[in-house]
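The values are calculated or read from the model by the stated rules, or taken from the named source; none is laboratory data. In this text the structure is predicted, and so the values were computed from the model without any measurement. Cβ placement follows ideal geometry from the backbone for every residue including glycine, while neighbour counts extend to all protein chains displayed.
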Amino acid sequence: MIKALGYFIEIIRGILITTRHFVVNLFFHILKVLGIKTKRKGAVTIQYPEQKKEVASRHRSLHRLMTRKDGKPRCVACMLCVTVCPSECIYVEAAEDPDLEIQKYPAKFIIDLGRCCFCGFCVEACPEDAIRMDTGNVDFAEYSQQDLIYDLDKLIG
Amino acid sequence: MIKIFIDEQQVEVEEGMTVLKAAERAGIHIPHLCYHPAFPPEGSCRMCLVEIEGFPKLELACSTVVKEDMKISIKSARVVEARKAVLEFLLAEHPLDCPICDKAGDCKLQDYYDEYGLFESKFSETKEKREKKLKIGKTLILDQERCILCTRCVRFLKEVTKTQELGVFHRGIDAEVNIYEGAAVLNNYTGNLAQICPVGAITDEDFRFKTRSWFLKEGESICPLCSRGCNILIEYHPGFPRFEVPRRAYRIKARENPEVNGFWVCDRGKYGYSYLEEGRADKIILNKIEGKDVLTWENISEYLGEKIKRVSSAKKTSGIALVLHTWLSNEELFLIHKIFRKGLKVKKIFFADLPQGEADEYLLTSETSPNRRGAQEIGFDIKAVNLDALAKGTDFLLAFGPFLSGLFSLKALKEVLSKVKRKVLISSYLNEVNSLFDIVIPAALIAEKEGSLTNVDGVIQSFKPALEPPGESLPEWKVLADLGKELGTDSKLFEDLNSPGAILGEMGKEIPFFKKK
C-alpha cells in the first residue's frame, strides 16, 4: 500500500516538472512575441518528418558507392571492407573487367543494413575511396528485413 | 659440424652450407625474394644482404658459404639500411595495385615493406608502362609491371621441367620476363609458377579474382589423383558466415617433401580439385530396406553385420561379394582384408578403379588412384570387375566407390545387380548407380579423413583430415572397424582399433612392409 503511494508521488512529481517546463517556455515565448529581449530563450523543436535538421559533416549515415567518370563503380572488389567489417554485413563478388586499367570490378556488392552497426570501418579501410557514409540519409527504416539488404544498384543510385 | 654466430646466437651447422640455409635451419629468417631452396642461388634481388665480421662490404646470405667462427649480423643498422634501399629500388617500378592483385596477403614484397619499408617513395618519375595481362600459358597470366626480375620462374622452367619457355629479354630498365615468340608455357607443371612467384607477376586464371588469400584456411593433405602421392596444401574458404556460402576449396599448393615430390605438384593435382565438392553425397540414401525405418551411423554397422551374418550362415561365404577401389587407405584395405578375406574367407573381391591415364617422366604416374601399391602389399589380388562372376550366386554385395558407373553402362549394371538380393554402396558421390543399391552410405574423401597411403615407390605417407567431411559423411575405416566388432571376427584385434594409427600399428605387426622404419 505504502509502495503504491510512492508511485503516485513520483507520477505527480513528473507532471509538475513537465508543467513547469511548459509554463516557463511559454513565458519566454510570450516575452519574445512581445519584443522583450531576455538572456534565456524558449526551447525550440522542429517538425521532424516534414522539416529536417542537417546532420553534421562527419556524421555516419547511409552508405553510398562512388562511381568513376563513366558511371562504373569505383570499387575494385579488393574486399578490405569485407575483411574489416565487424558485423560481417558486406558481401562482395569480384568479376573481370576487360579494361586493363580497371581489371577487377564488383559483380555483386551487398550490404545488409539490418546487421550494419555504422562503425564506418569500411570507409576507413577502402583504398579507392569507393564507399562513403555521407548521404545524410538516416531514415531508411523498412517493414521487412529483406528490404534492408542493399545491392549494387541501390548503393550507387 | 662447425659453429657460427648469427646475431651473437651460436649455431651449429654443417660445412659447405650457405649463410641463408644455416640461418633458416636455426629458425632465423633472412629476408629474400629470388632465392628458392630448389635452385642454386641467383643473387638477383639483393634482399638477403648481411654483415659479416671481417668483410668490408655487405655479403649475400644466399650465396656466401659459412666458415668456422663466422660472425654474422642480420639486424645491424647497416644491414637494415641496405635492405630498405633495396626495397625502395624494387618498389620504384612496382605498381601499387595490391587491391586487385591476387598475391596480396601472401606477397613477400608486401611483407618486407611492412617490416622494413613504410617510407614514402623518393621517385617522382612515372613508372614504366608494360604488359599488364599477358597470357603466357594454359592458365597463367603474366603482369610485367609487377615483376621484380627474380627469375624464379625462368629457373624453374630451366632446371625442373627443362622446357625453358620463359626468358629475360632486353637490358636495364627494359628488362622483362617474357615468352619466346610464338611459344607458350605448356608443360604439366605450370601451376607451380604462380606459387613460386614471390610477387603477383604470375597469377593463375583458375584462382583469379575468386577470393582473397587471407580468407583462406589451409589444410595439409596428399593428392589422390595419381599414385605418386604428392604432398599438398588445400586452401579453402570455410564458408562465409552470414551469406551461407558453403565450404569451398579454392586452390591446391604443393607442400615440400623431398622424398616424394620435392616442392612441386603437377597440373592435374593442382587444378583437378573439383572432386572435393562436385556432386558429393552428404546423406545416407535408403532406397530399399526392411525392418528399420531409420538408419543412422550408429546402427548401420549393426544392420550390415546382421545381413552379412545371415548370408554367411545360410550359404557359406560364397554369397558375399565385394567391389573395392584403391582410393581406400592402407588401414581400410587392411580392415577389409581382416574381416572379409581372413575372417569370412570371401573369394569374390574385385577392384573398380578408373582406367589408367597418361604419365609423364617426372611426378605424374599412369595410375589414377593413390593406393594401388598399398593394396598389393597387403596381399590383394587386384582383379578388375567381372560382372557375371560378381553376380553369380551372390546374395550380399558390398561395393565401395563411385567408379562402377564409369566402367559399365547403367543398363548392364542394372541387369546384373537386380539378381543380387542385398546391395550396399559406400561412396562419396551422388551418382547414377546409387539408385541401384539398397543403401548408399556417404563416405569421406582422403582430404577429409585420417589414414595412410602407399605411393608408387612404396613410401607410406600418413595424412590427417584437411577439411570437414560434408553432412553425414564419415570415413570408411570407422564403418569397417565397427563392422568388424559387430561380426566378431578376431575380436581381440578389433577391440581397441579406434584410430587409423592403431590400425597401422597392427598392420606393422602382421605385414613386415608396413613396419615402422
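Quick notes on this structure:
- Tallying residues that are modelled with pLDDT under 90 and either touching a helix residue (DSSP H, G or I) at 6+ places or on another chain (Cβ under 7 Å) or surrounded by 19 or more Cβ atoms within 10 Å (Cβ to Cβ) (or both) within the range B:164-188 yields 0.
- Residues of the range A:24-52 that turn out to be part of a loop (DSSP other than H, G, I, E, B) and more than 23 Å from the chain's Cα centre (by Cα), as a count: 10
- Residues in the range B:130-163 that are outside any loop (DSSP other than H, G, I, E, B) and either aromatic (Phe, Trp, Tyr) or surrounded by fewer than 16 Cβ atoms within 10 Å (Cβ to Cβ) (or both): B:Lys135, B:Phe156, B:Glu159.
- Among residues of the range B:349-407 being in a loop (DSSP other than H, G, I, E, B) and polar (S, T, N, Q), the one that is farthest from the chain's Cα centre (by Cα) is B:Thr394.
- Tally, over the range A:87-118, of residues that are among the hydroxyl-bearing types (Ser, Thr, Tyr), under 16 Å from B:Ile100 (Cα atoms) and either part of a loop (DSSP other than H, G, I, E, B) or more than 10 Å from chain B (Cβ to nearest Cβ) (or both): 0
- For the range A:119-133, a residue qualifies if it is away from chain B (no Cβ under 12 Å) and either in a loop (DSSP other than H, G, I, E, B) or touching a His at 6+ places or on another chain (Cβ under 9 Å) (or both), and the qualifying residues are A:Cys119, A:Gly120, A:Cys122, A:Val123, A:Ile131, A:Arg132, A:Met133.
- Residue within the range A:68-84 that is within 14 Å of chain B (Cβ to nearest Cβ), in a strand (DSSP E or B) and either surrounded by 14 or more Cβ atoms within 10 Å (Cβ to Cβ) or not acidic (Asp, Glu) (or both) present: yes
- For the criterion of being among the small types (Gly, Ala, Ser), in a loop (DSSP other than H, G, I, E, B), modelled with pLDDT of 90 or more and closer than 25 Å to B:Gly279 by Cβ, B:Ala466 passes.
- Identity of the residue in the range B:202-228, without any contact (Cβ under 8 Å) to a residue 60 or more places away in the chain and either among the basic types (Lys, Arg) or in a loop (DSSP other than H, G, I, E, B) (or both), that ends up surrounded by the most Cβ atoms within 10 Å (Cβ to Cβ): B:Thr211
- Filter result (out of contact with any helix residue (DSSP H, G or I) (no Cβ under 6 Å at 6 or more places or on another chain), within 11 Å of chain A (Cβ to nearest Cβ) and either buried (at least 17 other Cβ atoms within 10 Å of the Cβ) or under 30 Å from B:Thr163 (Cβ atoms) (or both)) within the range B:96-129: B:Asp97, B:Cys98, B:Pro99, B:Ile100, B:Cys101, B:Asp102, B:Lys129
- Just one of the numbered conditions (1) over 14 Å from the mean Cα position of the chain (by Cα); (2) surrounded by 12 or more Cβ atoms within 10 Å (Cβ to Cβ) is not true of A:Gly157: (2).
- Long-range neighbours under 8 Å by Cβ, at least six apart or interchain, first residue assigned to a helix (DSSP H, G or I) within the range B:94-108, second of a type in the set (S, T, N, Q) and surrounded by fewer than 19 Cβ atoms within 10 Å (Cβ to Cβ): B:Cys98/B:Gln110
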